[in-house]
1. So if I check each of Phe177, Phe183, which one is open to solvent by 80 Å² or more (accessible area, probe 1.4 Å) and part of a helix (DSSP H, G or I)?
2. Here are Gly249, Gly262: which of them is open to solvent by less than 20 Å² (accessible area, probe 1.4 Å), assigned to a loop (DSSP other than H, G, I, E, B) and either more than 13 Å from Gly295 (Cα to Cα) or touching a residue at least 24 places away in the same chain (Cβ under 8 Å) (or both)?
3. So for the range 230-237 (the condition being out of contact with any helix residue (DSSP H, G or I) (no Cβ under 6 Å at 6 or more places or on another chain), open to solvent by 60 Å² or more (accessible area, probe 1.4 Å), more than 28 Å from Pro62 (Cα to Cα) and in a helix (DSSP H, G or I)), does at least one residue qualify?
4. Within the set of pairs 6 or more residues apart or between chains, which connect a residue that is part of a helix (DSSP H, G or I) inside the range 340-351 to a residue that is among the β-branched types (Val, Ile, Thr) and surrounded by 14 or more Cβ atoms within 10 Å (Cβ to Cβ) with Cβ atoms less than 9 Å apart?
5. Which residues, taken from the range 285-294, are touching a residue at least 12 places away in the same chain (Cβ under 8 Å) and out of contact with any Ser or Thr (no Cβ under 7 Å at 6 or more places or on another chain)?
Amino acid sequence: MSHTNRNESQTPTGGGWPSPEKAHGLVLIAATALALYVCYRLVQPFIPALTWAVVLAIVAQPLHGWLAAHVARPNLASGLAVAVVAVVIVAPGVLMGQQLLSQARKGLESVQANAAPERWQAAVESNPRMARVLGWVEPHLDVRAAAEQATGAITSRLPSFAIGSAWALVQLLITFFTLFYLFRDRRTILRMLRTLVPLSQSDTDKLFARVADTIYATVYGTFVVSGVQGLLGGLMFWWLGLPVPLLWGTVMFLTSLVPILGAPVVWIPASLFLIVTGSWIKALVLVGWGLIVIGSIDNLLYPVLVGDRVRLHTLLVFFSVVGGLLLFGAAGLVLGPVAVVVTMLLIDVWRQRSTRVEAH
């Protein structure tokens, strides 16, 4: 009788409903997923700040390691490291920002002045080639109205630009705040991450190394090369007497960060502008400088700075960077390539495990 009762107690009841243990497990999974989603939404506004904090923690780790070896107090060593990083980043950024705002204001004033009807007519009469070109363009496009409309659009966006600048300052402060704890608690954070990653010790070490190498390549490779390209382009704009060279040099730096686009997006229209205005020699100099000097910097500097640490296929780099920018904003410059590298590594781990299973 007891044997029969025990069997009946082990038989699922309720017409196929899961047992209480399984129901509790499903509820726990659902609650965990919901909690993770809520945490993601809480952190989502700060993803750029957290991303750049991780980037700076990896890039500036030698600095913090040296300070930690010479300063007995961990809090003081981490604070000094954050202060050095902040000075290196903020001081040039503030000076550059002031210059960019000044040149942008001058550029707007120049556009407004040149859009005046008398200035426009004088420029056409003084340059026959420009007159012929404009004679063909004007029936299809009102150039002066387009310039005035563009100037008005830029001016109307200045308030939103100011709000965005204030939020960028908040993100920067959060970045440095997070960086302090990433420096101080680095070993604890890495130990916790190792317990969360469902990989073997060797695969986890390989994963961390690939992520660090990708960030290193993105920062030291892409950023430095793009900065040199923007600097060379800005210097040539200044030497040729083109307006607001610092602004256009910065634009070349930003466009060089995105594969396929690059600095030609800026210097090719500038060359066409010089041709239209009759400055053929300056146009040829700018084209030669862009093709020979700016275009070859990538092939010369990138292997020296990065070596063979991370060299994704050009197509993968394009989609990872552009897709990362669309999904995460500026932080996508790092998160996009990191996501692709991590995915490739995980696929490789699965392939190796499948090979070992088939061998047995």
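The values are calculated or read from the model by the stated rules, or taken from the named source; none is laboratory data. Please read these numbers as outputs of a predicted model, since none were measured by experiment. For neighbour counting, all protein chains shown are included, and Cβ atoms are generated from backbone atoms with ideal geometry for every residue, glycine included. Calculation scope for accessible area: heavy atoms of the full protein, side chains included, ligands and nucleic acids excluded. Shrake-Rupley method; radii C 1.70, N 1.55, O 1.52, S 1.80 Å.
1. Phe177
2. Sole residue among the options that is open to solvent by less than 20 Å² (accessible area, probe 1.4 Å), assigned to a loop (DSSP other than H, G, I, E, B) and either more than 13 Å from Gly295 (Cα to Cα) or touching a residue at least 24 places away in the same chain (Cβ under 8 Å) (or both): Gly262.
3. Checking the range 230-237: at least one residue is out of contact with any helix residue (DSSP H, G or I) (no Cβ under 6 Å at 6 or more places or on another chain), open to solvent by 60 Å² or more (accessible area, probe 1.4 Å), more than 28 Å from Pro62 (Cα to Cα) and in a helix (DSSP H, G or I).
4. Val340/Thr214; Val340/Val317; Val341/Val211; Val341/Thr214; Val341/Val310; Val342/Val211; Val342/Thr214; Leu345/Val211
5. Correct list: Val285, Trp289, Gly290, Val293, Ile294.
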